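Participant: Below are the structure tokens for one structure; questions will follow.
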Amino acid sequence: MDYLRGFAIAAVIIIHVTAYFAYIKSINSLVIASILLDIAAHFAVPLFIFISGFVLSLKYKRLRFSSLPAFYLKRAKSILPQYLLFTIVYTLYFNGGFSGVTPATIAHNFIWAGAAYHLWYYAVIVQVYVFFPAVLWIYNWFDSKNKSRLLVTASLCVQIAWNIYYIISPTPITIALSQVFYLVLGIYVSRTYNTVAGWVKTFPYANLITALGVLFFVGAISTFWFAGLARYHLFYSIHPRYFMGPAVLEPAQFFLSFVILARFAVKLARRDSLLSTVVKQIGKYSFGIYLIHVLVLKLVVSGLLNRFHLTGSNWLFYPLLFLLTLGGSYAIMYALSYVPASQHLFGVGSRNKRSRAKARVSQHT
């Protein structure tokens, strides 16, 4: 799964890097390329949710009521300390320091995932953990009736309906229903892995068909974005109705992207190459990279690129920002992995020998 996590975190950074096109007022070749790349990379968070469903389902075939406290405690330890720490970090950063920041401000940002624009994912993943036992129970019931595919289809319909409703009437915080299809799909694939893996491996012309499918949906979704830009000129001024079509089309694009990436991950896992090592290492630290990358990105833009007069209207700005953000985030998390209890503080496994030994003991108690 580290390979898939590596693809997902790279795509997250691509989305946040290409977002700078939104400040360009005219549609030019740079805007077109940025939009197409941005849309293509939007599989990122859905892939993380899919992986969560897959891994949790492998670990928990069934969850008894008596085991729920232990489940919730373990899940809370795996996400809440890191989320709280970075809520404080981003609250201080975006408010210019301690001046004007109160415990109430931090508490508000923690509850509503408002410290930074990327932390909405943690609001979703907390909800995923909270409701996973119920989702698992529902899945097992459908599976016992040999109707697990019906549940997958139903979750897709619920997700699309919710996302359209959210576009019309946004809620204060992102709701996990916006990603429920990918969670259920992850459970389904884990339970039917041999069948699905066999289909993915043997499907004729799979690479060509899935690649063409992704290109088709990226093109179809981009027509909504371009139409909105043509009328409103700035991306953040586009009327929400222009995003209803993409809400319907995106699950198909993301599903095809999952297939392509899964096939590529299998090939990488079988090869001892530099690319394989890099992707796996990035995936290994993906949780921490996600937490810190926005801070690194902002510092790279303000502290480096802008000093060389590189802005979002310059082609060189985008690859430089991507590489420096990804590389810098990885380097920081790699260094922090030597800090004791780094797993609980930063979301990366500790390279400290004593901490690793304690972790092994805790796994067996």
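Participant: Please verify whether TYR330 is aromatic (Phe, Trp, Tyr), under 21 Å from TYR121 (Cβ atoms) and out of contact with any Gly (no Cβ under 7 Å at 6 or more places or on another chain), treating the condition exactly as stated.
Facilitator: yes
Participant: Next question, about the same structure. So which residues in the stretch 1-47 are of a type in the set (Phe, Trp, Tyr) and closer than 13 Å to ASN314 by Cα?
Facilitator: Selection gives TYR20, PHE21, TYR23.
Participant: Sticking with this one: On the basis of being surrounded by fewer than 17 Cβ atoms within 10 Å (Cβ to Cβ), under 20 Å from the mean Cα position of the chain (by Cα) and either modelled with pLDDT of 90 or more or under 30 Å from VAL89 (Cα atoms) (or both), does ILE173 make the cut?
Facilitator: Considered against the rule, which asks whether it is surrounded by fewer than 17 Cβ atoms within 10 Å (Cβ to Cβ), under 20 Å from the mean Cα position of the chain (by Cα) and either modelled with pLDDT of 90 or more or under 30 Å from VAL89 (Cα atoms) (or both), ILE173 comes out as yes.
Participant: Still on this model: Given the criteria more than 30 Å from ASN194 (Cβ to Cβ) and hydroxyl-bearing (Ser, Thr, Tyr), does SER66 qualify?
Facilitator: yes
Participant: So which of VAL279, VAL248, VAL296, VAL259 is surrounded by fewer than 20 Cβ atoms within 10 Å (Cβ to Cβ), part of a helix (DSSP H, G or I) and of a type in the set (Val, Ile, Thr)?
Facilitator: VAL248
Participant: So, in the stretch 106-125, how many residues would count as being free of Cβ contacts under 8 Å to residues at least 40 places away in the same chain, part of a helix (DSSP H, G or I) and crowded, with 16+ Cβ neighbours inside 10 Å?
Facilitator: 4
Participant: Mind listing just one residue for me: the one in the stretch 41-60 that is in contact (Cβ under 8 Å) with a residue 24 or more places away in the chain and surrounded by fewer than 17 Cβ atoms within 10 Å (Cβ to Cβ) and, of those, nearest to ARG5 (Cα to Cα)?
Facilitator: Selected residue: VAL55.
Participant: Give the stretch 187-218 a look and list any residue that's more than 30 Å from VAL135 (Cα to Cα) and touching a residue at least 60 places away in the same chain (Cβ under 8 Å), or say none.
Facilitator: VAL218
Participant: Taking the stretch 96-139 as the search range and keeping residues that are modelled with pLDDT of 90 or more and among the polar types (S, T, N, Q), which one is nearest to SER66 (Cα to Cα)?
Facilitator: It comes out as GLN127.
Participant: Could you list all residues from the stretch 242-271 that are farther than 30 Å from TRP199 by Cα, touching a residue at least 24 places away in the same chain (Cβ under 8 Å) and touching a Gly at 6+ places or on another chain (Cβ under 9 Å)?
Facilitator: Answer for the stretch 242-271, where residues must be farther than 30 Å from TRP199 by Cα, touching a residue at least 24 places away in the same chain (Cβ under 8 Å) and touching a Gly at 6+ places or on another chain (Cβ under 9 Å): just PHE243.
Participant: Go through the stretch 126-148 and report how many residues are free of Cβ contacts under 8 Å to residues at least 24 places away in the same chain and either farther than 30 Å from ASN109 by Cβ or among the hydroxyl-bearing types (Ser, Thr, Tyr) (or both).
Facilitator: Going through the stretch 126-148 one residue at a time, the tally reaches 7.
Participant: Going through the stretch 1-31 one residue at a time, which ones are without any contact (Cβ under 8 Å) to a residue 12 or more places away in the chain and part of a helix (DSSP H, G or I)?
Facilitator: SER29
Participant: Let me ask something additional. LEU234 - would you say it is surrounded by fewer than 18 Cβ atoms within 10 Å (Cβ to Cβ) and modelled with pLDDT of 85 or more?
Facilitator: When the stated conditions are applied, LEU234 passes them.
Participant: Let me ask something else. Going through the stretch 57-81 one residue at a time, which ones are within 14 Å of GLY186 (Cβ to Cβ), out of contact with any helix residue (DSSP H, G or I) (no Cβ under 6 Å at 6 or more places or on another chain) and in a helix (DSSP H, G or I)?
Facilitator: LYS59
Participant: Of the residues that make up the stretch 65-83, is at least one surrounded by 15 or more Cβ atoms within 10 Å (Cβ to Cβ), in contact (Cβ under 8 Å) with a residue 12 or more places away in the chain and over 30 Å from ALA265 (Cα atoms)?
Facilitator: Within the stretch 65-83 (the criterion being surrounded by 15 or more Cβ atoms within 10 Å (Cβ to Cβ), in contact (Cβ under 8 Å) with a residue 12 or more places away in the chain and over 30 Å from ALA265 (Cα atoms)), the answer is yes, since at least one residue qualifies.
The values are calculated or read from the model by the stated rules, or taken from the named source; none is laboratory data. Treat the numbers as computed from the prediction; the structure is a model and nothing was measured. All Cβ positions, even for glycine, are placed from backbone atoms using ideal geometry, and neighbour counts span all protein chains on display.
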